[in-house]
Amino acid sequence: ARSRTPGGPADGQMATGEEAPKDVALPDAENSQGEAAVSQASSAVVGKTSTSVSRLNRLTGRSPSLLRRRQQWLIFYHESVRRLAEQLKDEMGDNAELSALQWRRFPDGFPNLSVERQDVHRLEQFFGTCLIVSFHNPEVIFEQLCLLHELPRMRAKNFHVIMPWFCTGTMERVERLGQIATAKSLADMLSCCPVGPGGPMTLVTYDIHWLQEQFYFSDPLLVELRTAVPLCLELLSRARAAAPDEEVVVAFPDEGAHKKMKDTFKDYPFVICDKVRDGARRIVTIIEGQDNIAGKHCVIIDDMVMSGALMLECAQQLHSMGAARISCFTVHAVMPKQAWKKFIDTGILHRFWITDTMPSTADEVRGVEPFEVITIAPLVASYLLGYGET
């Protein structure tokens, strides 16, 4: 039990700094009293060692059941995505634990953040640390960047940031002198994240506007591009089951959407809409699949809806050509300034499915017809658990 390493603890002390029990003279093994002495001495050494380990665990904040956490994730989240974090916890069960971080602010509006002390002590014990962020509003970006940069310095292992919507993705190019591609600006800010004990941060984002934007990030950052569009497949199956005699048709609002998503919906007949010039105006028309409209349930699908004007025009065009039912699906329902209101009481929409990648919009439309919010929590849980998205 003594340290024999040069420069280590002196003889008579345990390696942890505890005083070792004094040497016990061992009598003859045939003597029963000698056997009792041997047992007593061994118990004393084991007892002292166990006490030292227990004290060390208490000092470092470690749990005695470290093996239990080998596949666990500690999940931090911004207050705007609390519902998504709780649904993620439900999906992952014992493989996830939510951190109780409070998003406070000083009187001047700047963030006053503090990670719970017990969580700081435990960061290295978890298999990984996950931070769910939402940059849906410029006012909340800075406070989330503060935590994003600090967790690796607190030795968060296997650090993953879930950013459901890459908010500046639509400003990805410069078309005239003086313009600033803010997609690159945000990518630079995220790429400056410190490297933690498990390596660089991994950014996971869903349905980024243009695939080439992944190259805007610098090497210290790993980027995982995922998609939530396949969630629509389950909704289409549900629509088929609800009305077996009504064929379901996928409608793309423009050729770009068709190119991006045609492989996902290859088992469905489709319609392609697009805007064409009519004198001084640009109007929506059907450029392919005219025979797949009359009497069918047409579901208009796009990965992002901004103002919603194009999707509504497509719905009106399909309705005028005899579609029996019209629904819509989008991953990112941005819809600033309550643009979602234009889809209420139109008289032509059966359902409008959106995901919760934009928490501000999702919170506003919950319970409002014809909207239905679909969570991406199963996709995130599948990714974190390593099973892959299906």
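The values are calculated or read from the model by the stated rules, or taken from the named source; none is laboratory data. All values reported here derive from a predicted model rather than from experimental measurement. Keep in mind that these areas ignore ligands, DNA and RNA; they rest on the heavy atoms of the full protein, side chains included. Shrake-Rupley method; radii C 1.70, N 1.55, O 1.52, S 1.80 Å.
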Open item on the list: Can you tell me which lysines have their Cα less than 26 Å from the Cα of LYS275? Leave out same-chain residues fewer than eight positions away.
Closed with: LYS259, LYS260, LYS262, LYS266, LYS296, LYS337, LYS341, LYS342
- [ ] Using only the alpha carbon atoms of region 191-327, find the Kirkwood hydrodynamic radius as the inverse mean reciprocal pair distance, in angstroms to one decimal.
- [x] 17.0
Open item on the list: Could you give each residue of region 246-257 its phi-based ³J(HN,Hα) in whole Hz, using Karplus coefficients 6.51, -1.76, 1.60 with θ = phi - 60°, and x for Gly or Pro?
Closed with: 10, 5, 9, 10, 8, 10, 9, x, 7, 5, x, 5
Open item on the list: Against the 2.2 N^0.38 Å scaling, with N counting residues, where does region 143-235 land? I'd like the Cα-based Rg ratio to two decimal places.
Closed with: 1.19
TODO: Enumerate the amide H contacts of VAL223 below 5 Å, restricted to partners 5 or more residues apart or on another chain; note that Pro and chain-start residues carry no placed amide H.
DONE: LEU203
TODO: Enumerate the calculated ³J(HN,Hα) couplings along region 355-372 in order (Karplus 6.51 cos²θ - 1.76 cosθ + 1.60, θ = phi - 60°), each rounded to whole Hz, writing x wherever the residue is Gly or Pro.
DONE: 9, 9, 5, 10, x, 5, 5, 4, 5, 6, 9, 4, x, 9, 6, x, 7, 9
TODO: Quick one: which residues, 5+ away or cross-chain, put their amide H under 5 Å from the amide H of THR375? H built at 1.01 Å from N.
DONE: none
- [ ] Only Cα pairs under 8 Å and at least 6 apart count here; give the relative contact order of region 216-300 as a rounded whole percent.
- [x] 28
TODO: Calculate, for region 261-320, the solvent-accessible area per residue in square angstrom, rolling a 1.4 angstrom probe over the heavy atoms of the protein chains.
DONE: 49
Open item on the list: Can you tell me the length gained on complete extension of the stretch GLN71 to ALA294, counting 0.36 nm per residue apart and subtracting the Cα distance?
Closed with: 75.1 nm
Open item on the list: Looking at region 132-268 only, what percent of DSSP beta bridges run antiparallel? Nearest 5 please.
Closed with: 10
Open item on the list: Per 0.36 nm of contour for each residue apart, how much would the distance between GLN338 and ILE180 grow if the chain were fully extended, relative to their Cα-Cα spacing?
Closed with: 54.2 nm
- [ ] Could you quote the convex hull projected area for region 300-390, Cα atoms only and averaged over all directions, in nm²?
- [x] 6.3
Open item on the list: Suppose we keep just the DSSP beta bridges with both residues in region 241-324; what percent of those would be antiparallel, to 5?
Closed with: 55
Task: Amide H contacts under 5 Å for ALA96, placed H, 5+ residues apart - done: TRP73
Open item on the list: Rounded to whole Å, give me the distance from the Cα center of region 131-182 to that of region 286-329.
Closed with: 33
Open item on the list: Through the Karplus equation 6.51 cos²θ - 1.76 cosθ + 1.60, θ set to phi - 60°, convert the phi angles of region 221-226 into ³J(HN,Hα) values in whole Hz; use x for Gly and Pro.
Closed with: 10, 9, 10, 10, 8, 10
TODO: Give the relative contact order (percent, whole number) for region 64-133; include only Cα pairs under 8 Å separated by 6+ residues.
DONE: 47
